[in-house]
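Just below is one structure, and these are the notes that go with it.
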């Protein structure tokens, strides 16, 4: 689709039954300091049945378009948004990520300063709306992944909860690989291909949004195991050993996993997980490596 005259940015948001968070997310995207006529919000809905469409009608966001993506995973849903976008810059956000008022403006400025780059903003994790309000009011208390001075990122940090790339570049590199339909790493795999095509990935700490996604330890463990499987899936696609090394898969971590994976050891670490950040990291990394090992056993040899 040819970009519409005057429309610069298309915000692509995949969703499935996230009415509870969209009720707070969509107003933050609608209330940007960037001129309303200069951007659109594309909600790529994979078949919500939770009242999402009633919410959309009630909110009446004038620059919002809903794109039906029935049954599609997150990567393919985002591809629908890319194909239907009227702007020449794609900004990725998620259905549980609240945007600062100048998020769009900051990405547009960063893209203007570094044309042809992929720009990753600062995604702040919050556990509640109260924590979101506190983090928005006081930047000093924000939990961020990267220090403010960092400017260049490698592909494992291309996360599409807060990232912008030109539509032309995304189409040129093949957009999201639609073979990746399980949870995890469809964005990192795209980052890998962007970097291989010579696209620089830049960090813009002033482009801030807030990831509001509290979850239980069991849910987090399941995601870590799925992420381990996804790492092997990405390696299988490219057969580049550097993928494994950058994603923490090597003989040392394999050996540590063998020592920690027993039921008794896991139970001990789990009992300490609520009071010890180190113990929590241990069981999460063990779950990640368990998923990777399971996928590795199924990997066809060449």
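Output the helices (runs of 4 or more DSSP H) that fall wholly within segment 1-120 and possess 1 or more residues being farther than 23 Å from residue 136 by Cβ and either more than 19 Å from the chain's Cα centre (by Cα) or modelled with pLDDT of 95 or more (or both), or say none. It would help to see each step written out before you state the result.
Working: elements: 19-30, 52-59, 74-84, 103-113.
Where helices (runs of 4 or more DSSP H) fall fully within segment 1-120 and carry at least 1 residues being farther than 23 Å from residue 136 by Cβ and either more than 19 Å from the chain's Cα centre (by Cα) or modelled with pLDDT of 95 or more (or both), they are 52-59, 74-84, 103-113.
Based on what the data block shows, is residue 230 out of contact with any strand residue (DSSP E or B) (no Cβ under 8 Å at 6 or more places or on another chain), at pLDDT 90 or above and closer than 29 Å to residue 20 by Cα?
On the way: out of contact with any strand residue (DSSP E or B) (no Cβ under 8 Å at 6 or more places or on another chain): yes; at pLDDT 90 or above: yes; closer than 29 Å to residue 20 by Cα: yes.
In short, yes.
Just one of (1) over 19 Å from the mean Cα position of the chain (by Cα); (2) under 30 Å from residue 27 (Cα atoms) trips up residue 270, so point out which.
Among (1) over 19 Å from the mean Cα position of the chain (by Cα); (2) under 30 Å from residue 27 (Cα atoms), residue 270 violates only (2).
Mind listing whichever residues of segment 130-158 are surrounded by 13 or more Cβ atoms within 10 Å (Cβ to Cβ), in contact with a helix residue (DSSP H, G or I) (Cβ under 7 Å, 6 or more places away or on another chain) and over 26 Å from residue 227 (Cβ atoms)?
134
Is there a residue in segment 145-158 that is within 19 Å of the chain's Cα centre (by Cα), free of Cβ contacts under 8 Å to residues at least 60 places away in the same chain and part of a strand (DSSP E or B)?
yes
Of everything in segment 262-289, what is within 24 Å of residue 156 (Cβ to Cβ) and touching a helix residue (DSSP H, G or I) at 6+ places or on another chain (Cβ under 6 Å)? Give them in sequence order.
Applying the first criterion (within 24 Å of residue 156 (Cβ to Cβ)) to segment 262-289 yields 277-278, 280-289.
Correct list: 282, 283, 284, 286, 287, 288, 289.
Among the residues that make up segment 159-173, is at least one of them surrounded by 14 or more Cβ atoms within 10 Å (Cβ to Cβ) and under 28 Å from residue 273 (Cα atoms)?
Yes: one or more hits.
If you go through segment 13-37 one residue at a time, how many are in contact with a strand residue (DSSP E or B) (Cβ under 9 Å, 6 or more places away or on another chain), touching a residue at least 60 places away in the same chain (Cβ under 8 Å) and over 18 Å from residue 213 (Cβ atoms)?
Number satisfying all stated conditions: 3.
Does residue 69 count as touching a residue at least 12 places away in the same chain (Cβ under 8 Å) and crowded, with 16+ Cβ neighbours inside 10 Å? Can you show your working first?
Values: touching a residue at least 12 places away in the same chain (Cβ under 8 Å): yes; crowded, with 16+ Cβ neighbours inside 10 Å: yes.
Considered against the rule, which asks whether it is touching a residue at least 12 places away in the same chain (Cβ under 8 Å) and crowded, with 16+ Cβ neighbours inside 10 Å, residue 69 comes out as yes.
Can you pull out every residue in segment 174-185 that is modelled with pLDDT of 95 or more, crowded, with 19+ Cβ neighbours inside 10 Å and at positive phi?
175
Could you pull out the residue among 167, 136, 143 that is at pLDDT 95 or above, touching a strand residue (DSSP E or B) at 6+ places or on another chain (Cβ under 9 Å) and closer than 26 Å to residue 29 by Cβ? Break it down stepwise before answering.
On the way: 136 fails: at pLDDT 95 or above; 143 fails: at pLDDT 95 or above.
Of 167, 136, 143, the one residue that is at pLDDT 95 or above, touching a strand residue (DSSP E or B) at 6+ places or on another chain (Cβ under 9 Å) and closer than 26 Å to residue 29 by Cβ is 167.
The values are calculated or read from the model by the stated rules, or taken from the named source; none is laboratory data. All values reported here derive from a predicted model rather than from experimental measurement. With ideal geometry, Cβ positions are generated from the backbone for all residues, glycine too; neighbour counts draw on all protein chains shown.
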